[in-house]
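These notes concern the structure reproduced below.
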Amino acid sequence: MPGGVHYSWGQITDARRAAPGAGAAPEAIGAVAFRCKGAEPTVKVTRVESIVLMGRYHFVRVHTDEGISGVGEVSPMNAGVTHAMVEKALAPIVVGKDPFDIETIWHQMFHRPYKLGPTGAQLEAMAGIDIALWDIVGKASGQPVYKLLGGAFRSDAEVYASSMLRTMTPQEEAERALSFKEQGYRAYKIHSATPWMYDTGHDQTLDTVREMRKLVGDDFGILVDVNNAYLPHTAIKMARRLEEYGVWHFEEPIPAYDYAGLAQLADAVDIPIAAGEQEYQRWQFRDLILQARVDILQVDVIKCGGITEFKKIAALASTFDKPITVHNTQPTVGTLAHLHLWVSTPSCIYPQEYNIEPHPLRDDTPIWKEPVLVEKGRMRVPDRPGLGVELDDTVVERLRG
Ligand SMILES: [Mg+2]
């Protein structure tokens with residue numbers, strides 16, 4: 001870090017031990033001590049760069065006056081809105097701040113634009129900035145993010161193959177599942193019904209599960225996601241049939257906002273009920289646990305306000321002995337941020353979601369210089385400082401807009 005403060009955990013520990021009011025001489029404490037006293041930050045965020053690629057994929061780069069920048073990702077599909085949220089509502093809060101002050105920055109991003117939130121686009125946009133700040137702190141301290149989060153509980157993370165297509169026949173889906181089993185995956189998820197259709201949509205869940213079980217055998221995990229397709233009484237009947245096929249988890253069986261219906265279902269059946277991709281912050285997850293009584297929490301770091309809020313939700317999950325199997329659709333920076341969380345979060349005990357569909361920023365024009373990919377159903381977390389990847393500027397410029 002030319003010309004600036006070299007942050008290290010040793011310095012910070014020394015500073016906290018010595019100051020303020022502990023009698024140590026300021027020169028023995030270093031510049032970090034002045035930060036502890038609430039003085040002007042010694043490293044500042046100079047710019048929050050909102051990057052929309054191909055009109056859909058949204059990344060954030062946060063730049064500092066020390067020459068270090070960090071990268072984060074925002075949940076896709078509404079990039080025009082989240083782009084405005086980053087640029088108009090959040091960037092003015094973040095520019096000028098010390099990137100090490102992640103908790104206070106998160107607090108201000110959450111509370112100041114209170115008329116715009118506190119779920120959805122606001123938390124998704126916050127996620128992009130928050131993840132980038134963790135990347136900066138990792139780079140500035142020479143540590144990978146998972147080390148900042150307390151270190152690795154596991155050396156790598158197992159993922160399951162998440163099939164997002166709804167156009168395959170049951171037989172085709174079963175054959176695809178088998179091909180992923182042969183690649184080393186131990187579980188596979190289907191999306192097998194029309195989302196949000198209250199019992200009236202197309203549904204080939206049972207046919208697909210039956211074909212899959214025949215082909216992949218009993219030693220392979222089948223996960224079923226119906227994206228809020230059923231009413232509670234239908235979901236209960238379906239859950240009992242899925243139990244017969246040894247399906248591992250049953251995801252978003254009924255409309256996500258119907259916590260009473262989810263509780264009715266969760267109490268009636270044994271198959272684990274999974275939900276959480278419609279929840280954005282710890283208070284919603286508290287209600288998902290206490291009111292909806294679901295079994296598996298599906299937090300998404302690029303929706304839930306970033307790593308800072310994910311940690312709090314993980315603490316809540318641990319308190320109630322709820323495993324986390326994340327919602328994870330973006331196999332680029334979002335997956336990488338998740339990867340640091342998967343290895344460092346005790347509650348991430350089951351295989352985590354990995355999108356197996358073609359993705360232009362992973363497959364056609366990779367946006368990162370050192371891709372982090374799946375090998376035999378597992379992902380190894382990079383040991384480089386920060387998240388461990390840099391965006392490829394050439395690709396960013398070519399695809400911007
Ligand atoms: Mg889902």
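Restricting the range 309-331 to residues that are polar (S, T, N, Q) and crowded, with 23+ Cβ neighbours inside 10 Å, the residue that is nearest to the chain's Cα centre (by Cα) is N328.
Please work out if S179 is free of Cβ contacts under 8 Å to residues at least 12 places away in the same chain and within 23 Å of P331 (Cα to Cα). Here the answer is yes, as S179 does meet what is asked.
The residue pairs whose first member lies in the range 72-90 and is at negative phi, whose second member is among the aromatic types (F, W, Y), and whose beta carbons are closer than 6 Å, counting only pairs six or more residues apart or on different chains, are E73/F59; P76/Y57. Would a scan of the range 209-218 turn up a residue that is on the phi < 0 side of the Ramachandran plot, part of a loop (DSSP other than H, G, I, E, B), crowded, with 16+ Cβ neighbours inside 10 Å and away from the ligand (no atom under 16 Å from the Cβ)? No, the range 209-218 has no match at all. I'd like to know if the range 178-189 contains one or more residues that are within 14 Å of the ligand (Cβ to nearest atom), part of a helix (DSSP H, G or I) and of a type outside the set (F, W, Y). The answer is no, given that none of the residues of the range 178-189 is within 14 Å of the ligand (Cβ to nearest atom), part of a helix (DSSP H, G or I) and of a type outside the set (F, W, Y).
Checking each residue in the range 155-167 for being at pLDDT 95 or above and away from the ligand (no atom under 16 Å from the Cβ) picks out D156, A157, E158.
Six or more apart or on different chains, Cβ under 7 Å: which pairs go from a residue in the range 245-268 that's more than 20 Å from D219 (Cα to Cα) and part of a loop (DSSP other than H, G, I, E, B) to one that's among the hydroxyl-bearing types (S, T, Y) and within 16 Å of the ligand (Cβ to nearest atom)? Could you list them? Qualifying pairs under 7 Å: P253/Y230; I254/Y230. Note on the range 343-376: among residues that are within 16 Å of the ligand (Cβ to nearest atom) and of a type in the set (F, W, Y), the one that is farthest from D393 (Cα to Cα) is Y350. Restrict the check to the range 111-131 and report whether at least one residue is within 20 Å of V301 (Cβ to Cβ), touching a His at 6+ places or on another chain (Cβ under 9 Å), of a type in the set (V, I, T) and surrounded by 24 or more Cβ atoms within 10 Å (Cβ to Cβ). No, there is no match, as no residue in the range 111-131 is within 20 Å of V301 (Cβ to Cβ), touching a His at 6+ places or on another chain (Cβ under 9 Å), of a type in the set (V, I, T) and surrounded by 24 or more Cβ atoms within 10 Å (Cβ to Cβ). Look at (1) in contact with a strand residue (DSSP E or B) (Cβ under 6 Å, 6 or more places away or on another chain); (2) closer than 19 Å to A121 by Cβ; (3) buried (at least 24 other Cβ atoms within 10 Å of the Cβ); (4) of a type in the set (S, T, Y) and you find that Y280 fails only one, number (1). Is it the case that some residue within the range 380-389 is charged (D, E, K, R) and on the phi > 0 side of the Ramachandran plot? So far as the range 380-389 goes, no, none of its residues is charged (D, E, K, R) and on the phi > 0 side of the Ramachandran plot.
The values are calculated or read from the model by the stated rules, or taken from the named source; none is laboratory data. Since this is a predicted model, take the numbers as computed values, not measurements. Positions of Cβ are backbone-derived with ideal geometry, glycine not excepted, and every protein chain shown enters the neighbour counts.
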